[in-house]
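Asker: Quick one: the structure is below, questions incoming.
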Amino acid sequence: MSLLSAVLLEADKATTKDIKKYLDELGPKLKDLHERVQMLSWSLQQNFIDTYFHFTPTKSLEQLNYKNRKANILSDHFKFNKEVALFVEKFPNKYAIIEDFNNNCKKLEKSMKNFSDLCIVGESKWILDKANHEFGRFNYIDAIQSIKELQSKLYEIKFEGIGSKALINLTSHSEHQLAIYTAQLSIEWEDIFTWSEKRGVNNVIYSLSVLQCDPTLVQKILKSLYVTERLNAELGLFSHFFVDKLLHNVIRNNCEIFTEDPIGALVFNIKIDLNGQNKPNFQTIFNNLTAIFEFLQSTLGSQMEADKTFIEVFADCIQDKFFNKIIKDCIRMNLPSCDGSYQNYKNIVIELDSFNKFLIELKFVEADKSPLNKYINDTESVLYNKKCNKLLSDVRSLLNHSLSYCTISVGSTNDVVNDSILDESRKDSVYDLSNPLFLPKSVISQNVKQIMTMVIEHLEESVKLPEQYSTQLVMYIKDIAVMYQSIVPKKFKVNLECCPLDTALFFNNCFYLAHSLIGPPWKLTMPAELADLLNTTLLECIQDLRVLGLEKMSLYLQCQKNLITQKIEANELPWTYESYETFDCAVNYAVTLMQELKNTWYNILPTRMYELSICALILALCQSMLDRIFADTRAICEDLVYMLAVRFEDAISEFLSLFEEPIKFENKINVWNKFIKMPKLLKAQMLEIADLWKKDKELSQSYACEDIRMIIKMRFPDDKYRLKILKEIQ
């Protein structure tokens, strides 16, 4: 045997001696502890079976010296486990091979588990008796919680045979005792807080009564209900009453709130008027609900000492239904109509925000979870959009009215020279955003006046709201202008082509809208930023309206000018009595047309626009008549010449009759001087024509020498004398 082998052998012998020494010490302790556990366990089992199966208890735990024996067993078991742990630590590889000792330790642990379960059921009678004692002293929380803790332990225990039946009896007994406590607690709660409904012929009175005689008892009961998780259940019936009856009627009917103070209680009464004609507004509803919540908080909420307030627990029961009913039956029913002012919108937002803050402070709802936040943050915007959309809808409806359905006079007569957007004769006028413009007197469709009235009202109201709404309204106003330009010309296309009154009214409407959109100007009535936004945003629309109005008027006038020209040009050449009759009929048609237009347009169009329009037709007729004279150079008999001269003179008189006041035709009709000279040229003798050409500067300015020579050739025979005169006209 080598030296190393000898050393290992000696070391192994030494280890075996140490293990034997430990086992000699631990073995008797293990055996003694195991026997004591089994003996006390048997006694506890027998006591448990006698008590909860045979219901004839023999020895009490005191007689078994239970407390001391249990304490000693637990103490010795703790010490034994420490010694075993030291043994395992010292000989980590040897403990596992000591099979007998290891098995005995496992048996001990199993016995200790059974012993622990028997201790629970053995002590259960003490727990139940103590719970009865605490409940009798109004320590409801301790009593109920102790039984609940016992039940949670009993539900984890499993026995066999008679022990299982006894365990069932013990569990049933604990449940029965807990049910008695719960029922008694409910009775106590019903004595503290009651509610009632008393119906009359025209009213119903809801009463909430809270006991005031013993605040300490109220605190204990409330806390007990909360801690034992019974408060939600107890509030179930009241929650139903509160939402479906009290809240329902407070929202829908006017009510009177008053309190009573009988001995030992405080009564809060809500008298509902079922026959009221006027429904309560949102302010009244919120005030009444605030009073009800304040009563609950001051009476029950102040007495509840827990991690949640009474109102928080109550909110758990009714929160969803409460907010749904508030939103559906109160807020939506009381939202101002589209015809209401923006101030009404602001008022409801203020009241709603105040009520929401009250509920948050009361802890009825968390600040970031309140359904009212959406209405507080968005109501102003929603209602504003609603009103603006109503504005567009109303405008669209008004645009369906006929142009001449109902008219109204606007503007004023102003003798002072002033720039006007309706004065198209002024080409050098410059618009100044800081100065008001003169609107000449004219007649417009009443629906256009109504549209601008609504727009102005919306603008005035929007100034009271945040800037974003004013900005949005400006875009709506632009939409209105675009809508008028798009809808009316298309809807009344035939009228604008054939009806002179509708054409004139449309022109006036466009220019009235353009003038109104420029404002008084806006800087005089609106904040500077809003005024600038209006000016920049509406500028294009204003110009488009002016162009559109002029375009429709111009198209109508062009159509009439074409008719006049066509009828004059339809005259056959040369001049005969028949061709003169055709010419005379064409002139009469044109004059009659202008007289009809005078009857239609005079006092409808602005004065200057009327003058421009009629003068445009006069110009077309004058030019056509002159062109017809010079269209054929063949000789004309003297009778026809005289008849043409008279026709020109009559036309001049008829032109003058188209205007109530004298106007300077020469400034508006570029061929006027030429036209009024024609009768004189047609009546004058050859020598007189030559003298006029030499002496009358206006004649030489209006006619070319070839024109005069052509008239002479048409009127006088070809001889030496005519040749001489023609040579003098150079």
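Asker: Compactness ratio of the chain: Cα Rg over 2.2 N^0.38 Å, N = residue count?
Answerer: Values: Rg = 55.4 Å, N = 730, 2.2 N^0.38 = 26.9 Å.
Working it through for the chain, the quotient is 2.06.
Asker: Another question, then. Leaving ligands and nucleic acids out of the surface, order ILE144, ILE187 by accessible area at 1.4 Å, largest first.
Answerer: Solvent-accessible surface, decreasing: ILE187, ILE144.
Asker: Next question. Let me test this: with uniform point scatterers at the alpha carbons of region 203-300, what is the Debye-based log₁₀ I(q)/I(0) at q = 0.13, 0.17, 0.23 1/Å?
Answerer: For the requested q values the scattering log ratios are -0.53, -0.84, -1.25.
Asker: Taking the 0 to 90 degree range and rounding to the nearest ten, how far is the long axis of helix 282-299 tilted relative to the main principal axis of the chain, both from C-alpha atoms?
Answerer: Taking the Cα atoms of the chain, the angle to 282-299 is about 10 degrees.
Asker: Right, here's the next one. Among LYS79/LYS113; LYS82/LYS158; LYS148/LYS321, which pairs are too far apart, with a Cα-Cα distance over 23 Å? Walk me through the numbers on the way to the answer.
Answerer: Numbers: LYS79/LYS113 17 Å; LYS82/LYS158 29 Å; LYS148/LYS321 32 Å.
Check vs 23 Å cut-off fails for LYS82/LYS158; LYS148/LYS321.
Asker: If the limit is 18 Å between Cα atoms, which of LYS387/LYS464; LYS567/LYS668; LYS567/LYS598; LYS441/LYS598; LYS346/LYS387; LYS29/LYS67 go over it? It would help to have the intermediate numbers written out before the result.
Answerer: On the way: LYS387/LYS464 15 Å; LYS567/LYS668 23 Å; LYS567/LYS598 21 Å; LYS441/LYS598 16 Å; LYS346/LYS387 13 Å; LYS29/LYS67 21 Å.
Distance filter (> 18 Å) returns LYS567/LYS668; LYS567/LYS598; LYS29/LYS67.
Asker: So, taking all protein chains as they sit and a 1.4 Å probe, how much accessible area belongs to SER653, in Å² rounded to tens?
Answerer: 70
Asker: Sticking with this one: Could you name the lysines whose alpha carbon sits less than 18 Å from that of LYS490, not counting residues in the same chain fewer than 8 places away?
Answerer: Partners found: LYS552.
Asker: On a 0 to 90° scale, report how tilted helix 577-601 is relative to the longest principal axis of the chain, with both axes built from alpha carbons and the result rounded to the nearest 10.
Answerer: Roughly 40 degrees, rounded to the nearest 10.
Asker: Using a cut-off of 14 Å between beta-carbons, work out the net charge of the residues near GLY264 (Lys and Arg +1, Asp and Glu -1, GLY264 not included).
Answerer: -4
Asker: With point charges of +1 on the Cβ of Lys and Arg and -1 on the Cβ of Asp and Glu, referenced to the Cα centre of region 206-268, which listed residue (ASN253, ALA265, VAL227) lies farthest in the positive direction of the dipole?
Answerer: Working it through, the farthest residue towards the positive pole turns out to be VAL227.
Asker: Would you please report the Å³ per residue occupied by the convex hull of the alpha carbon atoms in region 561-631?
Answerer: Each residue corresponds to 65 Å³ of Cα convex hull volume.
Asker: Would you list MET678, MET333 from the most to the least accessible area, probe 1.4 Å?
Answerer: On the way: MET678 0, MET333 140 Å².
Of MET678, MET333, the descending order of accessible area is MET333, MET678.
Asker: Still on this structure, I have one more. Treating cross-link reach as a plain straight distance, find the lysines whose alpha-carbon is under 19 Å from the alpha-carbon of LYS674, omitting any fewer than eight places away in the same chain.
Answerer: Counting by Cα, and skipping residues close in sequence, LYS674 has these lysines nearby: LYS664, LYS683, LYS694, LYS695, LYS697, LYS713.
Asker: Okay, next question. Go ahead and estimate [θ] at 222 nm for the chain from helices alone: -39,500 (n - 2.57) per DSSP H run with n ≥ 4, summed, over the residue count, rounded to 500.
Answerer: Per the formula, -23000 deg cm²/dmol.
Asker: Keeping every protein chain present and rolling a 1.4 Å probe, give me the accessible area per residue for the chain in Å².
Answerer: Accessible area per residue: 52 Å².
Asker: Then there is this: If you take the Cα atoms of region 595-684, find Rg, then find the Kirkwood Rh from the mean of 1/r over all pairs, what is Rg/Rh?
Answerer: Result for region 595-684 is an Rg/Rh of 1.03.
Asker: So, counting K/R as plus one and D/E as minus one, what does the shell of residues with Cβ under 12 Å around ALA620 add up to?
Answerer: 0
Asker: In addition: Distance between the C-alpha centers of region 456-481 and region 506-539? Whole Å please.
Answerer: Result: 12 Å between the Cα centres.
Asker: For CYS213, what accessible surface area do you get with a 1.4 Å probe? Give it in Å², rounded to 10.
Answerer: In the full protein context, CYS213 sits at about 90 Å².
Asker: Which angle from 0 to 90°, rounded to the nearest 10, does the C-alpha axis of helix 215-227 make with the longest principal axis of the chain?
Answerer: Tilt of helix 215-227: around 90 degrees.
Asker: While we're looking at this one, here's another question. Largest first, what is the accessible-area ranking of LYS165, LYS720, LYS220 with a 1.4 Å probe? Don't jump to the answer; show the numbers that get you there.
Answerer: Values: LYS165 120, LYS720 180, LYS220 70 Å².
The ranking, largest first, comes out as LYS720, LYS165, LYS220.
Asker: Please report the spacing between the Cα centers of region 265-294 and region 560-584 in Å, no decimals.
Answerer: Value for the Cα centre distance between the two parts: 88 Å.
Asker: Charges only on Cβ, +1 for Lys and Arg, -1 for Asp and Glu: so what's the dipole of region 41-169 about the Cα centre, in debye to the nearest 20?
Answerer: 120
Asker: A further question on this structure: Using only the C-alpha atoms of region 645-730, find the volume of their convex hull and express it per residue in Å³.
Answerer: Numbers: hull volume 7.7 nm³, N = 86.
So the per-residue Cα hull volume is 90 Å³.
Asker: Cα centroids of region 592-668 and region 104-154: how far apart, whole angstrom?
Answerer: What the calculation gives is 123 Å, centre to centre.
Asker: When the accessible area of the chain is split by element with a 1.4 Å probe, what percent falls to carbon and sulfur?
Answerer: Percent of accessible area from carbon and sulfur atoms in the chain: 52.
Asker: Further question: Within region 103-128, whose backbone N sits under 20 Å from a point 7 Å along Cα→Cβ of GLN151?
Answerer: 120-128
Asker: Right, something else. Label 7 Å along Cα→Cβ of LYS245; region 176-207 residues with amide nitrogen under 13 Å?
Answerer: Taking a point 7 Å out along Cα→Cβ of LYS245, the residues of region 176-207 whose backbone N falls under 13 Å are 194-200, 204-207.
The values are calculated or read from the model by the stated rules, or taken from the named source; none is laboratory data. Bear in mind that the values here come from a model prediction, so they are computed numbers and not experimental data. Virtual Cβ from ideal backbone geometry, glycine too; neighbours counted across all protein chains shown. For accessibility, only protein heavy atoms count, side chains too; no ligands or nucleic acids. Shrake-Rupley method; radii C 1.70, N 1.55, O 1.52, S 1.80 Å.
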